[in-house]
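Quick note: the coordinates plus some simple rules give every number you see, no bench work behind them. Because the structure is a prediction, the values reported are computed rather than measured. Positions of Cβ are generated from backbone atoms using ideal geometry, with glycine treated the same way; all protein chains shown enter the neighbour counts.
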Amino acid sequence: MRKVSILLPCYNEEKSLPLLYQALLKLMEKERAYEWEVLFVNDGSNDNTLDIIKSLRQEDNRINYLDLSRNFGKENAMLAGIDYVSGDGLVIMDADLQHPPMVISEMLKYWEKGYDDIYAKREDRGKESWFRKQFSLLFYKLLQKISRLEVPQNVGDFRLLDKSCINVLRNIRETERYSKGIFAWIGFNKKEITFKQSDRIAGKTSWSFLSLLSLAVEGITSFTTAPLRLSTIIGLCSSITSFIYLVFVLVKTMVYGEAVPGYPTLVVLILFLGGVQLFSIGIIGEYIGRIFKETKHRPPYIVKEYNDEKSTPKNNES
C-alpha cells in the first residue's frame, strides 16, 4: 500500500482547522487504497493553532505536527514539512480550505499513471482585488520573459509530488526560497489539472500586498540575473545619450555662438544620472543581500517540537 503525506503549513489557522480536518476525513475515507499521513507545520502561530493540532492528534494517529521555534515564513515551513514527511507521495496545500481536499483524488489518478508533479491551476482567483490579480499576472508574464523557467500562471503550491521530487527538494537548501520557481526548475513529468478555488472560510490572510511584492522580488532574483543586465543597459544608454547631447551642445555653441544651457539643464542631468545610479545600486544590493544571507549557512528553520517530543531539526544536519 502506497503512503500519501499531506503537508499543511499553518499560521494562525485556529478557526479553519476543525473544518479542514472533517474535509480530510472524507477524503481519506474515500481513498482507502492509500495509507495516509497528515503533517501540520505550525509556523510560529500566536493563537490556539498548536493546541487544536495536538487535540486532533490525540483523536487520530495519522496526524503529525511540527512546531517551529518562530515564524520562518511559508516557504521555509514547507521545506520543514518536506524534510519530515514519510510518504511515497506528498500533497502540499493551504490550511484555510481554499484548496478543496477532494481535488486530491484527481491528483492520485494521474500519480498512478506515472506523473511526478501534478499541480492544480486555479480557474479563477476568488475574491482577490482587481489590482492584486493584475499584479500577479504581470509578475508571471515578466518572470516568463526574463528567465528560462516555465512557471504556470494561476498555480500556487497546491500539488502532489512523487518521492523522486521529494528527494530532490530535500537537497535544495536555499535560505531565501521561491518554491513555485523551484518546482518548475526541478523538472520531472508534470501534469496540470484545474480546480475552483474556494474563499477563505475563517481568519484573515497573512499575505499583504507588501508581502506579495517581496515574494515577487524573491522569485525574480532567485532565477534570473536579468535585472543586473538591465541596469547595465540603462547605464550604457544613459552614457550614450549624455555623450550625444554633449556633442550637440558643443556644435550648437560653436556654430551659432549660443550660450551653453545653464542651471535647469544641469539640475535635470544630475537628477537623472543620480536616479539611474541609485536604481542600479539597488538591484546590485538585492543580489548582494542574497549572497550575504546564503554565506551564513544558517538553517532555513528550527524545529521546537515534533509530535510531543523536543526535536533536533533535521535541517541542521545539512
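Just need a number here: residues in the range 42-86 that are in contact (Cβ under 8 Å) with a residue 60 or more places away in the chain, of a type in the set (Asp, Glu) and under 10 Å from residue 303 (Cα atoms).
1
Kindly indicate whether residue 166 is more than 22 Å from residue 108 (Cα to Cα) and either free of Cβ contacts under 8 Å to residues at least 40 places away in the same chain or touching a Leu at 6+ places or on another chain (Cβ under 6 Å) (or both).
In short, no.
Working only within the range 61-78, note down all residues that are of a type in the set (D, E, K, R), touching a helix residue (DSSP H, G or I) at 6+ places or on another chain (Cβ under 7 Å) and under 16 Å from residue 50 (Cα atoms). Spell out the reasoning first.
Going residue by residue through the range 61-78, those that are of a type in the set (D, E, K, R) are 62, 67, 70, 74-75.
Retained after the next criterion (residues that are touching a helix residue (DSSP H, G or I) at 6+ places or on another chain (Cβ under 7 Å)): 67, 75.
Passing the criteria: only 67.
If a residue has to be surrounded by 11 or more Cβ atoms within 10 Å (Cβ to Cβ) and assigned to a helix (DSSP H, G or I) to count, how many in the range 293-312 make the cut?
Within the range 293-312, residues that are surrounded by 11 or more Cβ atoms within 10 Å (Cβ to Cβ) and assigned to a helix (DSSP H, G or I) number 2.
Here's the yes/no breakdown for (1) touching a Lys or Arg at 6+ places or on another chain (Cβ under 8 Å); (2) charged (D, E, K, R):
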position	(1), (2)
7	no, no
14	no, yes
35	yes, yes
43	yes, yes
47	no, yes
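Between a residue in the range 273-298 that is without any contact (Cβ under 8 Å) to a residue 24 or more places away in the chain and any residue that is assigned to a helix (DSSP H, G or I), which pairs come within a Cβ distance under 7 Å, given they are 6 or more apart or on different chains?
none
Give me a count of the residues in the range 12-22 that are surrounded by 24 or more Cβ atoms within 10 Å (Cβ to Cβ) and either assigned to a loop (DSSP other than H, G, I, E, B) or charged (D, E, K, R) (or both).
1
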